[in-house]
Amino acid sequence: MRIIGGKDYYDAGAAWGQDESVVFLRNGKRALSDIQMHAEIGLPVYHCSGGLVPPVGETNAARKRAAQGYWSLRDIEIDGVLHRQRTGQVLLCGTLYRGLELVRADASHGQWFWTHDAMDAFARGHGFSLHDGDSRTGSMEFVHPLSRQRMPARTERVPLSRWFEPLVLEGLLRDAVVLAGITIASKDPSVRPPFIDDDQRPWAVDQPTLAAMDFARALDPFTAYQEIAMWVGGVLPAPGPKMVEITDDKVKIAKAGFHHPTSFRRGKGE
């Protein structure tokens, strides 16, 4: 596979050989809004309902407060410094990966976790424990910023023990992703989303964004490269043939219905 545009961690997979007939364009600035991703394409809105809770030495009241209501992950102090817990997602070749970033309140980037084992090891190393949370499904409505149309979407609260499990999209949802021509879509909480048509677009599509999310901890470079090559070369519909552009003036005149020797001349007696 030949990649055009930017650099990302999985580019190292090209060292094992390339099929020049498969081309992955990664040089655009395409971005999708939550409305487009969740209401139009149909990806559920996932919330992580678990996370880090204070060390055992802290009061029960503090631990209880930290374990309640993980609709938005709670801030937590680590070595006396306030840290935020926030989630990110990567949709790669029809599979959704969900991660968690732990970042200092005064910083823009932090430490990414893409497996439950890594999160658990960090917690134990700092005297913390993990709150798993619960599971619950529901629905919500988005309001289109221009048309003001209400658009429903499915929501799901996911326990921390399941948050890091890759989710293979199936059926109509997978078909919608293919129809939308999405190979990679990433939602990184560290990146300020662009505004297009009065709407935020936090989902970066087919851009070199995964290295910044430390996504190699979820998928090694070679596997990611192979997945992308198979998706682009065998799943996404091939682009149709380009329309032939006619540059020859004689051919243009003939296609317009003019007879070249006579159409621009007056007949005898006129």
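Exactly one condition in (1) modelled with pLDDT under 90; (2) under 27 Å from A212 (Cα atoms) is not met by I41; state its number.
Result: I41 passes all but (1).
When both residues are 6+ apart or on different chains and their Cβ atoms are under 7 Å apart, which pairs have a first residue that lies in segment 8-35 and is over 30 Å from Y46 (Cβ atoms), and a second that is among the aromatic types (F, W, Y)?
A14/Y225; W16/F222
Just to be sure I understand the filter: pairs with C-beta atoms under 7 Å, separated by 6 or more residues or on different chains, first member in segment 128-156 and closer than 28 Å to D197 by Cβ, second member open to solvent by less than 40 Å² (accessible area, probe 1.4 Å) and part of a loop (DSSP other than H, G, I, E, B). Which pairs pass?
Going by the 7 Å Cβ cut-off, the qualifying pairs are R154/P44; T155/P44; E156/P44.
Being under 22 Å from P44 (Cβ atoms) and of a type in the set (A, V, I, L, M, F, W, C) is the filter here, so list the residues in segment 192-209 that pass it.
Listed by number, the residues that qualify are W203, A204, V205.
Return the total of residues in segment 117-152 being more than 27 Å from F215 (Cα to Cα) and of a type in the set (A, V, I, L, M, F, W, C).
Selection size over segment 117-152: 5.
Checking the conditions here, which among Y10, Y46 is at pLDDT 95 or above, crowded, with 16+ Cβ neighbours inside 10 Å and part of a strand (DSSP E or B)?
Only one candidate passes the filter, namely Y46.
The values are calculated or read from the model by the stated rules, or taken from the named source; none is laboratory data. Because the structure is predicted, anything quoted here is derived from the model rather than measured. Ideal geometry is used to build each Cβ from the backbone, glycine not excepted, and the neighbour counts take in all protein chains shown. Side chains are part of the model used for accessible areas, which takes the heavy atoms of the whole protein and leaves out ligands, DNA and RNA. Shrake-Rupley method; radii C 1.70, N 1.55, O 1.52, S 1.80 Å.
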